[in-house]
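Written out below as structure tokens is the structure these notes cover.
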RNA sequence: GGUCCCAUCGUCUAGUGGCCUAGGACGCUGGCCUCUCACGCCGGAAACACGGGUUCGAGUCCCGUUGGGAUCACCA
């Protein structure tokens, strides 16, 4: 048996957990679970000007909602500055890194010049072989990159990718204020945390040869890499705010189930034959980089919506009842903290779940069950609540009042007898009743609706409808 | 601009040289079911970017073109 697999998700807390980050975390998790490995959460907050505790909390909230449970961490890089500095010092001592006194302005000017001349935007090595410190300047520490040869990246998804060392820059590993930069901290942490597989977005592929050189300089074995293709918006540009919701928690707000989002995300770039819907156990069992695609994928909200509807249909009414309550509050259908008969609510939910694509839609569809009063849709009212239906409604109301047991089957029998007596189709009676009870022309089966609404409320609504006709 | 990555229906994808007159899913669409809506079921339109090779045979391998994306900070 080889060493235990250890992977990590390493977001920087400069924003909320977004769709792309969530998928990266998910693939890390699945790979870890599939191989019985360890999944680590590490917060890359070395950019102290942009990182906030609020975002750390938001990322954790998003991961918890999606069930992306980590085994170790969260570690924070700001707690580990001493470690990075000691690694940097070691490099300087060994001549693998050097102090650079060039000012940001100087660097910027050279970059502009290089850009204008069409040359690679690369540090010119001015301070590479400097013998004496420059007085009065706080230097940065630069890593001495090899100037010839190639660096090979062996990637589980992209295959072998080679880079000419010539185009690798002498990157800054310690800023002039002594704080470490990304390329140093990732490598040090991945070494220190014994990460075996680095699974991240392929926007990092170009960083990888530099990091490999760092591993070499430290004398540590290079981990395996898996660079995931990007997620794009409908215009094929990288997914961003202007494509709509990118924050994971926005999908909570829109009434999505976490397992639906997970299922959608995993199928963006990964597949298992023709299967579309996967349980968490199946995901863990089937996951492999062999069937992760190389091409970027366009985020498609319609398919996510469909998946959500499937997950709603297949959730138990009891669970859905619990989940929908916050949305009923938000809709104003019930008040915060209001006591609900959970069993009754589950029964109501059971009649609506196959016509609700989100928890918001579910909450809205529950309104005429819960609220005391309803409003008529004008078109529905004029079409079905009229002289033709009045007598039928009266007859039904009397029948319901006299019904010994107010059950779905009892109600159905009553409907049948009225319809038979008049020699009309069921719809002739059902539609006016539907409008009387729900205000509109679309609803679950009319017997179920009556059953859920209950005798008292149903009679009140029929009475109201009959009066509205006169 | 340099470097790197990528390319099958509108979208997500199956396809690892013959099983492909290219399969599935979302969306779109015709029908069935039916008290309405939805679910469900049956059917339809819809793709191998282009050009060269290699091979008896290419969506599948190679090269080029085109197109898209990423990256080149004292950000991560």
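At-a-glance table
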| quantity | calculated |
| --- | --- |
| Residue-averaged [θ]222 nm for chain A, counting only DSSP H segments that reach four residues, each worth -39500 (n - 2.57) | -14500 deg cm²/dmol |
| Helix A:81-93 axis, angle to chain A major axis (alpha carbon atoms, nearest 10°) | 30 |
| Rounded if a/c under 1.5, otherwise prolate or oblate - the stretch A:32-79, Cα gyration tensor axes | oblate |
| The stretch A:416-450 versus the stretch A:334-401: alpha-carbon centroid distance in Å | 13 |
| Span from the the stretch A:207-238 Cα centroid across to the the stretch A:129-151 one, whole angstrom | 24 |
| Cα gyration tensor shape for the stretch A:1-102, rounded if a/c is under 1.5, else prolate or oblate | oblate |
| Burial order of peptide ranges A:247-255, A:271-279 (average beta-carbon count within 10 Å, highest first) | A:247-255, A:271-279 |
| Square roots of 5 times each gyration tensor eigenvalue, C-alpha, the stretch A:366-470, largest first, Å | 18, 17, 12 |
| Ellipsoid semi-axes in whole angstrom, largest first, where each is sqrt(5λ) of the Cα gyration tensor of chain A | 65, 21, 19 |
| Between the stretch A:57-74 and the stretch A:158-190, the Cα center-to-center distance that results, in Å | 27 |
| Shape of the stretch A:228-347, Cα gyration tensor, a/c cut at 1.5 | oblate |
| Neighbour-count order for A:340, A:145, fewest beta carbons within 10 angstrom listed first | A:340, A:145 |
| Extension reserve of the residue A:176-residue A:340 stretch, reckoned as 0.36 nm per residue once the Cα distance is removed | 52.9 nm |
| Along principal axes, Cα extents of the stretch A:316-372, largest first, whole Å | 26, 20, 20 |
| Cα-based helix-to-principal-axis angle, A:408-422 vs chain A, degrees rounded to 10 | 50 |
| D (Stokes-Einstein, µm²/s), Kirkwood Cα radius, the stretch A:82-153, 1.567 mPa s at 4 °C | 92 |
| Between 0 and 90°, nearest 10: helix A:317-331 axis offset from chain A longest Cα axis | 90 |
| Share of Cα-Cα pairs in the stretch A:279-390 lying beyond 26 Å, as whole percent | 42 |
| Antiparallel bridge percentage (DSSP; both residues within chain A; nearest 5) | 50 |
| Ordering of A:177-187, A:311-321 by burial proxy (mean other Cβ atoms within 10 Å per residue, highest first) | A:177-187, A:311-321 |
| Label-point separation in nm, residue A:288 to residue A:456, each point 7 Å along Cα→Cβ | 6.2 |
| Distance between modelled label sites at residue A:114 and residue A:407, nm, 7 Å Cα→Cβ extension | 8.2 |
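Read-outs throughout are calculated quantities, based only on the coordinates presented, and are distinct from any laboratory measurement. Everything numeric here is computed off the predicted structure, so don't read it as measured data. Here the Cβ is made from the backbone with ideal geometry for all residues, glycine too, and neighbour counts use every protein chain on show.
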